[in-house]
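Asks: I am attaching a structure below and will ask some questions about it afterwards.
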Amino acid sequence: MAKAPSRILLNLSLDAALAVIALPVALLLAGPGNWPHGAWWSLAIPLSALSMLGPAWALGLPQQYWRYTGVRDLMAVLGASIGAAVVFTAVLWALDSWHSPNLAFPILHAMALTGLLGIPRLNGRLRTIRRIAEETGAQPVLVVGGVDQADLFIRALEQERKPAYRVQGILSRRSRQVARRIQGHPILGTIEEADAVLETLRNEGRLPALLVLASADLNGPVLEALLDAGDHHGVPIRRAPQPTVLGQAGRPQDTAKIDLRPVSIEELLDRPQVPLDREGMARLVQGRRVLVTGAGGTIGGELARQVAALGPSVLTLLDHGEYVLYEIDLELSERHPAVQRRAVLADVRDEARMRRLMEEFRPELVFHAAALKHVPMVENDPLEGLLTNAHGTRIVADTARAAGCGLMVFISTDKAVNPTSVMGASKRMAEMYCQALDREARSSGQGMRCITVRFGNVLGSTGSVVPLFRRQLERGGPLTVTHPDMRRYFMTVREAVGLVLQAAVVGAVDRADAPPELREGGIFVLDMGSPVKIVDLARRMIRLAGLRPDEDVEIRFTGLRPGEKLFEEMFHGQEPPRPTQFPGLLVATPRTADAALVARALDEIAGAARGGHGRLALAQLSRLVPEFDHQDAATVAQKSGA
């Protein structure tokens, strides 16, 4: 801190000295043969220095770092020069000591000042640029993105004392920008031409060490193509910090380096943003009492976040896990402190407890996300899965309806379609009960609506394959995949929950534009796009880590586990999909049963499960869900030839 005032004073002194030098330069330009007498210089020299001090200080010239000089700094130099020339001329006129060969002198004086003050500043900037270009330890990189974002990254890089990277060229978004330059760096091609540009650089022996993504919105298919080009030439891809971070990087008081981070698999599989009815969501949630079950889980937690942002009067967070409930409650207290919250430890299978809670909280809107979702774990303890997923859903629905709730949204799964696992079959049972309740409410025109939303895997969810692969990568591998042909649907959790809220808006009332299948208990199904091969996902994550599949990290196939399918389905053969006018939402043609019949079957299964009668419970489950083809351990071993 002590060095700053002395540095500022030094800069001010240098500017004053340069102002003194500018005076004879201007006089020579204005009239070489008309040199003033010696007495005049005794007044003009100190006046030229003093006339610079005021404008220079006002425009911040002494505080400038010359090696960081930019356009704004040069404009300040121009302004200070004009101001100093005007002050100098005005004082001489006022003292009747004006000596000038012509009236062009003030203009030439300002020009001389601008040149003498600007040249050393530009030289400082050019030395910095030259030093970066000649930095032997810096990695050559190609900057990818919009020209504004590329310019910001280059500026941030130039402000580092010892930059780790030097820009070799730029890949821009538009073809009309090709062959132009940004701060001296050539635009070598468009993003779509990445493979051809890298091939040219390889042939010239100038292959970059990295591709740096300067634009934050480079995701999905565009990013996939870039990764393919990088993989082809062995060039990793990294993402630059956010523009707000880049704007702060390299400041004189900032010694931190520009931190490039790897591209995440969520960014790679990200899809174009689906337009959502945010106003409808706000009308649905704002000012209402909302309950989210399973609030500590991946889906329940994101539901709690997005619901809290819509301004409910009270948000009740319910979960059976103490720590995850504490975490989401703490997060919402920091992000949405104005929202009244209640964090409740409870088990959805405890009917008496749930009835008391519903009577106490009187929720108007329930999002039921609580479930046991890990297929192999539920196969190990099938009765627990039945009690939580099927019987627990019935308890939540019945107690919410008895407490006067207007709408319940049930989160289902693609594993409920043609289920081969107890988890999937238990969720199908829950679907059937919620469909039956909703059909009754719609036909009678009263009672609680019950919307069912079905979708596949969400990236990064608890127990999913992406966190597993990350942990295995951290240990150096191998990455374990059950089967080479296994495919799954994937969606980001934020997108999935946004569409869940959209489905709630559409299904909450009998809208004219709502799909007619909803009146008969139709299920909303999220448009998950195309399924992804798990082995391809594993290879991509290895490459994103800068490693080579099957060389640096092994991929090991372990065989199908009990209850697993090679291909997940979103629709049963007897419930063909129907499009809706709402992007991202489909409707499954309903297959419904009588609510009382399903309730009795659920009671029987719950009774058998509580009594520990596993075979009886599974037999009743198979009768209720006839498409249930249980792939237990014995069946899997038989099919695999064990």
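Please treat every number below as a calculation from the coordinates, not as lab data. Note that this is a predicted model, so its numbers are computed, not measured. FYI the Cβ positions are ideal-geometry reconstructions off the backbone, even for glycines, and counts take in every protein chain you see.
Asks: Show me the ranking of peptides 56-64, 10-18 by mean Cβ neighbours inside 10 Å, starting with the highest.
Replies: Numbers: 56-64: 18.7, 10-18: 16.7.
Highest-to-lowest ranking by the protection proxy: 56-64, 10-18.
Asks: Given an 8 Å cut-off on Cα distances and at least 6 residues of separation, report the relative contact order of the chain as a percent.
Replies: Relative contact order here is 9 percent.
Asks: Of the DSSP beta bridges with both residues in segment 137-263, give the percent that are antiparallel, rounding to the nearest 5. Intermediate values should be presented prior to the final figure.
Replies: Working: 4 of 20 bridges.
Here the share of antiparallel DSSP bridges comes out near 20 percent.
Asks: Per the Kirkwood definition applied to all pairs of different Cα atoms, how many angstroms is the hydrodynamic radius of segment 3-129?
Replies: 14.8
Asks: Please report the relative contact order for segment 3-129, taking Cα pairs under 8 Å with a sequence separation of at least 6, and give it as a percent rounded to a whole number. Before the final figure, lay out the partial values.
Replies: On the way: 136 pairs, mean separation 47.9, N = 127.
Relative contact order of segment 3-129: 38 percent.
Asks: Here is a follow-up. Check which residues have an amide H placed less than 5 Å from Leu459's amide H, if you skip close sequence neighbours.
Replies: Met491, Thr492, Val493
Asks: Are there any helices in the chain, counted as whole DSSP H runs, that stretch 30 Å or more along their axis by Cα and score at least -0.5 on average by Kyte-Doolittle, and if so which? Before the final figure, lay out the partial values.
Replies: Values: long enough: 3-30 (40 Å, 1.57); 38-58 (32 Å, 1.02); 71-94 (34 Å, 1.72); 105-134 (43 Å, 0.41); 422-444 (33 Å, -0.53).
Correct list, ordered by number: 3-30, 38-58, 71-94, 105-134.
Asks: Something else now. Under a 5 Å amide H to amide H cut-off, with H placed in plane at 1.01 Å, what residues pair with Val481 once short-range neighbours are removed?
Replies: Amide H neighbours of Val481: Arg556, Phe557, Thr558.
Asks: With a 10 Å radius around each residue's Cβ, average the other Cβ atoms per peptide and rank 371-377, 472-478, 192-198, 339-345, highest first.
Replies: Values: 371-377: 20.3, 472-478: 14.0, 192-198: 18.7, 339-345: 16.0.
Going by the mean number of other Cβ atoms within 10 Å, highest first, we get 371-377, 192-198, 339-345, 472-478.
Asks: Moving to a separate point now. With both bridge residues required to lie in the chain, what share of the DSSP beta bridges run antiparallel, to the nearest 5%?
Replies: Values: 13 of 64 bridges.
Counting DSSP beta bridges with both partners in the chain, the antiparallel share is about 20 percent.
Asks: How would you rank 180-186, 617-623, 529-535, highest first, on the average number of other Cβ atoms within 10 Å across their residues? Intermediate values should be presented prior to the final figure.
Replies: Values: 180-186: 13.9, 617-623: 18.4, 529-535: 16.1.
Per-residue Cβ counts within 10 Å, averaged per peptide and sorted highest first, yield 617-623, 529-535, 180-186.
Asks: What list of ³J(HN,Hα) values in whole Hz, one per residue of segment 407-414 in order, does the Karplus curve 6.51 cos²θ - 1.76 cosθ + 1.60 (θ = phi - 60°) give from phi, with Gly and Pro shown as x?
Replies: 3J(HN,Hα) across segment 407-414, in whole Hz: 8, 10, 10, 9, 8, 10, 8, 5.
Asks: Here's another thing I want to ask about it. Hey, what do the phi angles of segment 373-378 turn into as Karplus ³J(HN,Hα) couplings, whole Hz, using 6.51/-1.76/1.60 and θ = phi - 60°, x for Gly and Pro?
Replies: 10, 7, 4, x, 5, 5
Asks: Separate question: log₁₀ I(q)/I(0) of the chain at q = 0.07, 0.10, 0.12 Å⁻¹, via Debye over equal Cα point scatterers, no solvent, to two decimals?
Replies: Rounded to two decimals, the profile gives -0.63, -0.96, -1.19.
Asks: Binning at 10 angstrom from zero up to the longest distance, how are the C-alpha pair distances of segment 157-228 distributed in percent?
Replies: Calculated over all Cα pairs of segment 157-228, the distribution is 17, 50, 30, 3 percent.
Asks: Can I ask one more? At a Förster radius of 41 Å, what calculated FRET efficiency corresponds to the Cβ-Cβ distance of Asp350 and Gln581, to the nearest 0.05?
Replies: Details: r = 41 Å, r/R0 = 1.00.
Here the calculated transfer efficiency is 0.50.
Asks: Pairs of Cα atoms under 8 Å, at least six residues apart: use those to get the relative contact order of segment 317-410, whole percent. Mind dumping the intermediate values first?
Replies: Working: 99 pairs, mean separation 30.2, N = 94.
Across segment 317-410, relative contact order equals 32 percent.
Asks: Under 5 Å between amide hydrogens, which residues at least 5 positions from Arg341 or on another chain qualify, with H placed 1.01 Å from N in the peptide plane?
Replies: So Arg341 has HN proximity to Leu315.
Asks: Taking the C-alpha atoms of segment 137-263, how large are the radius of gyration and the largest Cα-Cα span, Dmax, in Å?
Replies: 13.7, 42
Asks: I've got another one for you. From the phi of every residue in segment 261-267, what ³J(HN,Hα) in whole Hz does the Karplus formula 6.51 cos²θ - 1.76 cosθ + 1.60 yield, where θ is phi - 60° and glycine or proline is x?
Replies: So the J values, rounded to whole Hz, are 10, x, 6, 8, 5, 4, 5.
Asks: Plugging the Kirkwood radius over Cα pairs into Stokes-Einstein for segment 332-382, at a temperature of 37 °C and a viscosity of 0.692 mPa s, what D comes out in µm²/s? Don't skip to the end; give the middle numbers.
Replies: Numbers: Rh = 13.8 Å.
For these conditions, the coefficient is 237 µm²/s.
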